[in-house]
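> Pasting in a structure now, in structure tokens, and then I'll have a few things to ask.
The values are calculated or read from the model by the stated rules, or taken from the named source; none is laboratory data. Values in this document were obtained by computation on a predicted structure and should not be read as measured data. Please note: Cβ atoms are built from the backbone with ideal geometry, for glycine as well, and neighbour counts cover all protein chains shown.
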């Protein structure tokens, strides 16, 4: 709990410093710069919180949170920002999901427990179909790229094997 209180204290100190800077700025341009920095920091903090929530509770439980967030972004910034948020969320959650799926393919017990705690076979299968391109990207980065650099031979990726393993684990 100590590390969280230190983190919260630092973030609040940064926000307070920016607000004090905006309040005591001699010109409107400086005040505007401080307030823009304050808003950018708030957006970054919210995005980081979003990532932590996604990683902790999983994508299925995250859907309502994401819908509210997208509505806020649409209202405040516009359609392009919504596309960016959805794209970044897909990429990050897909990377997490793909990495865990590859770990299941390597028969890692902690990855199997991760899926047991978050998914039924039906929900896993739906996300597997949605994030299949990300699984292939993670496979390329983790398995194929080191092979091209000459480190080791990659394990062959067999999607049906992962599905069979997950069916045994989750049903």
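> Answer yes or no as to whether residue 138 is in contact (Cβ under 8 Å) with a residue 60 or more places away in the chain, under 24 Å from residue 156 (Cα atoms), in contact with a helix residue (DSSP H, G or I) (Cβ under 9 Å, 6 or more places away or on another chain) and in a helix (DSSP H, G or I). Break it down stepwise before answering.
Numbers: in contact (Cβ under 8 Å) with a residue 60 or more places away in the chain: no; under 24 Å from residue 156 (Cα atoms): yes; in contact with a helix residue (DSSP H, G or I) (Cβ under 9 Å, 6 or more places away or on another chain): yes; in a helix (DSSP H, G or I): yes.
The answer is no for residue 138.
> A further question follows. Determine which member of the set 107, 116 is outside any helix (DSSP H, G or I) and free of Cβ contacts under 8 Å to residues at least 60 places away in the same chain.
The conditions single out 107.
> Could you run through the stretch 62-74 and say how many residues are loosely packed, with under 13 Cβ neighbours inside 10 Å and either in the same structural domain as residue 126 (by TED's automatic domain parsing) or modelled with pLDDT under 70 (or both)?
2
> Hey, another quick one. Among the listed residues 28, 124, 46, identify the single one that is within 19 Å of the chain's Cα centre (by Cα) and either assigned by TED's automatic domain parsing to the domain that holds residue 15 or at pLDDT 90 or above (or both).
So the residue among 28, 124, 46 that is within 19 Å of the chain's Cα centre (by Cα) and either assigned by TED's automatic domain parsing to the domain that holds residue 15 or at pLDDT 90 or above (or both) is 46.
> Report whether or not residue 34 is more than 30 Å from residue 155 (Cα to Cα) and at pLDDT below 90.
Judged against the criteria, residue 34 is a match.
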